[in-house]
Protein chains: 2
Amino acid sequence: MSKQRSNVLIGQSGGPTAVINQTLVGLIETALDSGKVGRVLGTVHGIRGLLEGRLVDLGRESRAHLEKVANTPCAALRSVRKKPTADECAAVLDALVKNDVRYFFYIGGNDSAETAHLLNELAVAKGYELALFHCPKTIDNDLRQNDHCPGYGSAARFVAQAFQGDEMDNRSLAGVKIDVVMGRHAGWLTAASALARDHADAGPHLIYLPERDFDLDRFAADVERVYTKLGRCLVAVSEGIHGPGGKLLFEVKERDSHGNAQLSGSGALGDFLAAEVKQRLGAKLRVRADTFGYLQRSFPGAVSPVDASEAREVGRRAMAEALSGRRAHGSLALQRAPGPVYAPHYEVVELKSVAKETRHMGPEHLAGDEGVTEAFLDYVRPLVGPLEPMARLSDFPA
Amino acid sequence: MSKQRSNVLIGQSGGPTAVINQTLVGLIETALDSGKVGRVLGTVHGIRGLLEGRLVDLGRESRAHLEKVANTPCAALRSVRKKPTADECAAVLDALVKNDVRYFFYIGGNDSAETAHLLNELAVAKGYELALFHCPKTIDNDLRQNDHCPGYGSAARFVAQAFQGDEMDNRSLAGVKIDVVMGRHAGWLTAASALARDHADAGPHLIYLPERDFDLDRFAADVERVYTKLGRCLVAVSEGIHGPGGKLLFEVKERDSHGNAQLSGSGALGDFLAAEVKQRLGAKLRVRADTFGYLQRSFPGAVSPVDASEAREVGRRAMAEALSGRRAHGSLALQRAPGPVYAPHYEVVELKSVAKETRHMGPEHLAGDEGVTEAFLDYVRPLVGPLEPMARLSDFPA
């Protein structure tokens with residue numbers, strides 16, 4: 001049976017990013033321009049929309065309107081956090097057959113890649129000819145096979161700008177300031193805070209990542225050392241920090257169907273660490289904690305142009321790959337071309353090679369107990385784009 | 001004794017804003033261009049620098065560097081939260097005399113205006129000829145005699161953009177989302193969240209301001225009503241909400257020397273409200289809380305151009321007024337020129353008329369129990385500047 005003129009279906013899944021709709025629009029425009037497919041459909045709230053019959057016709061959107069959607073943060077098709085059961089996978093496949101969908105694209109992180117992999121296995125087993133592609137997105141930057149992930153550059157830009165401003169704030173009104181940054185298992189986003197270090201004594205002075213075991217005593221000693229030296233201390237902490245064996249500092253009440261603990265959407269970790277610092281270093285110390293929260297993935301005013309353009313290109317290439325018929329399934333992977341000047345390079349890899357597992361920061365990126373290397377800064381700078389310099393007065397003596 | 005060729009001193013005080021250095025540079029450049037004064041000095045950390053002898057020479061900064069400082073958030077001279085005692089006021093005056101300072105400018109909020117007022121009273125009583133001016137700044141927008149305050153427009157822009165993004169986030173992954181916004185006594189900043197309402201069902205769906213008494217039962221009922229109707233609910237809450245008689249929902253441990261409770265730098269209020277919603281509406285409900293924190297006053301990427309330009313002009317006019325000799329003291333007040341097109345208008349008012357007390361939102365700005373009026377939106381729009389529209393898919397049925 002030929003796929004010619006059959007329908008395209010696109011879904012978005014997992015936590016939003018600021019550029020996730022660039023990928024969506026890249027897929028739509030490439031499908032429409034190809035003249036090879038039937039209708040271009042979207043499923044509302046990911047695979048849930050398929051199960052509930054909530055499909056929309058994306059081919060009827062005007063190109064001008066799609067461009068505005070591409071520049072709007074968070075899943076325009078709305079998202080879902082759902083690992084389908086075997087029964088649900090079967091129901092999803094039935095819905096694809098019923099809607100004559102032969103091209104299915106799932107934009108998401110490693111959990112979404114796992115869902116795509118499960119669906120693909122079932123389609124293959126049932127002999128249903130289906131082009132099934134995963135398009136990467138995650139502010140966590142933790143997808144295997146990728147040098148970096150669409151969505152990360154913009155979130156990292158937000159975090160870098162936030163620390164630029166908060167460094168000036170901490171310098172204005174001295175004290176200990178703890179900022180909690182997203183990143184469930186990997187420290188990529190928290191590490192981007194180091195871009196704010198534009199003076200010898202500029203913060204973040206300490207950076208705690210999930211790649212290392214966190215120790216409260218060492219943390220308190222680190223803060224005291226910096227505070228004693230500078231009279232202030234700005235700290236970047238990943239929400240995913242943990243003790244030996246992955247033990248979280250808190251008991252977490254909520255988990256999703258992929259088994260992920262709820263870490264975001266609460267100020268508890270920051271408040272806990274602030275209270276610890278006060279208790280150990282003195283109640284009179286000015287200690288504050290902020291948890292950057294969902295703004296990191298949704299703020300419309302801090303998009304990295306490189307990130308936006310790569311997210312668009314990922315969608316275009318995924319659709320072109322599917323329509324070419326070269327392979328029936330895969331995940332678009334965003335690599336870095338070799339050479340001294342930054343350029344992206346796109347590949348297609350196996351779905352299962354991206355699914356589930358987390359890509360951590362490596363030893364080349366981690367310096368000492370609480371820092372990052374120059375190699376990491378070189379890695380992240382082109383993804384974030386140029387930052388406005390923060391200017392201090394020269395403090396000429398009067 | 002003539003003030004001719006005597007020195008200028010500038011200090012910054014209170015919580016930072018994104019444009020507080022525009023005012024600083026407006027003062028410096030106008031003083032230098034006048035040819036009427038001796039040195040242009042700065043006191044590091046406000047009046048604390050005077051007491052500790054930490055003065056810097058601002059006249060030696062290059063104009064190009066000052067321009068970069070003007071575009072950098074948070075007090076370049078560093079700030080302080082300090083209400084001087086009578087002894088300290090006398091010591092400050094001694095330091096002014098010793099440094100031949102006859103022009104003193106204090107950039108800050110109502111607490112800083114109070115400090116300026118106290119110093120001025122003492123200078124008058126001692127017969128020390130001193131031009132003493134207060135320049136307004138506060139993201140809280142709560143200074144009397146002002147239509148709005150330098151710093152507010154940029155913070156309101158950050159809040160509006162944050163809610164634009166979080167509205168799309170809440171629409172992507174439905175649930176109850178509570179965002180806590182700065183504003184100790186007045187709701188101006190929290191109310192700016194309403195600028196994100198660009199669709200009939202767009203949030204924030206509920207807005208809680210300190211101008212009204214907060215009631216937990218009514219809050220929970222409001223959230224349930226919206227959630228039942230829309231399947232989601234985005235809530236804006238001021239950090240300063242309180243029950244009847246001003247009773248805070250929490251016991252607060254820290255207060256500064258002006259008597260202000262520490263509300264910011266903690267996620268406790270948001271977490272408390274989220275827990276209440278879960279307890280009352282069901283533990284399975286997806287409820288999240290973010291506290292925007294210091295980013296609201298320090299984020300470098302969300303400056304309102306109108307705000308930046310007005311903050312600069314406030315500094316220029318304060319210096320020009322002082323040098324004109326028309327009056328010996330006062331506070332620059334930012335008014336709105338009458339007429340259909342927005343334009344600022346600057347006045348000079350008495351120091352004590354700005355000091356201490358808070359300017360609240362009025363009945364013309366408050367709608368029902370949890371909203372704001374169109375009149376408020378008309379008020380705030382020109383201060384924030386144009387926002388990028390958030391585009392949704394049209395959801396054409398498949």
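Once you order the gyration tensor axes a ≥ b ≥ c over the Cα atoms, which shape class does segment A:29-106 get: rounded for a/c under 1.5, otherwise prolate or oblate by comparing a/b with b/c? The shape class here is oblate. With a simple spin-label model that places each label point 7 Å from the Cα along the Cα-to-Cβ direction, the separation between residue A:62 and residue A:225 comes to 6.1 nm. Of interest is the spacing of the C-alpha centroids, which for segment A:281-327 and segment B:271-314 amounts to 19 Å.
Among residues of chain A, the one whose Cβ lies closest to the rotation axis carrying chain A onto chain B, together with that distance rounded to whole Å, is A:267, 1.
Between the amide H of residue B:335 and those of B:147, B:345, B:346, B:347, distances stay under 5 Å, these residues lying 5 or more places away or on another chain, with hydrogens modeled in the peptide plane. Legend: calculated FRET efficiency, residue B:5 to residue B:357, from the Cβ-Cβ distance at R0 = 30 Å, rounded to 0.05, equals 0.20. A point 7 Å from Cα along Cα→Cβ stands in for residue B:125, and the other copies hold the same point at 8.7 nm, listed in rising order.
Out of all Cα-Cα pairs in segment A:95-210, roughly what percent, to the nearest whole number, are more than 24 Å apart?
Working: 3023 of 6670 pairs.
Result for the distance tail: 45 percent.
Under the classification rounded if a/c is under 1.5, otherwise prolate if a/b is larger than b/c and oblate if not, where does segment B:290-360 fall, given a ≥ b ≥ c as square roots of the Cα gyration tensor eigenvalues?
Values: a/c = 1.82, a/b = 1.53, b/c = 1.19.
Prolate, because a/c is 1.5 or more and a/b exceeds b/c.
With Cβ to Cβ distances under 15 Å as the rule, what net charge do the other residues near residue B:339 carry (K, R +1; D, E -1)?
-1
Take residue A:246, push a point 7 Å out from Cα through the beta-carbon direction, and compare it with the same point in every other copy: 5.1 nm, smallest first.
Is there a pair in B:82/B:352; B:98/B:356; A:126/A:356 whose C-alpha atoms are over 20 Å apart, and which pairs would that be? From B:82/B:352; B:98/B:356; A:126/A:356, over 20 Å: B:98/B:356; A:126/A:356. In loop segments of segment A:172-235 as defined by DSSP, there are no chymotrypsin sites (Phe, Trp or Tyr not before Pro) with at most 12 further C-beta atoms inside 10 Å of their C-beta.
Estimated from helical segments only, the mean residue ellipticity of chain A at 222 nm is -11500 deg cm²/dmol, where each DSSP H run of four or more residues counts as -39500 (n - 2.57). Taken along the Cα-to-beta-carbon direction at a fixed 7 Å, the label points for residue A:125 and residue A:364 span 3.9 nm.
For segment B:51-90, the square roots a ≥ b ≥ c of the C-alpha gyration tensor eigenvalues yield an a/c of 1.5 or more together with a/b not exceeding b/c, which makes the shape oblate.
Rule-based calculations on the coordinates, nothing more; no lab input. Computed from a prediction, not measured in an experiment: that's the story for all the values here. FYI the Cβ positions are ideal-geometry reconstructions off the backbone, even for glycines, and counts take in every protein chain you see.
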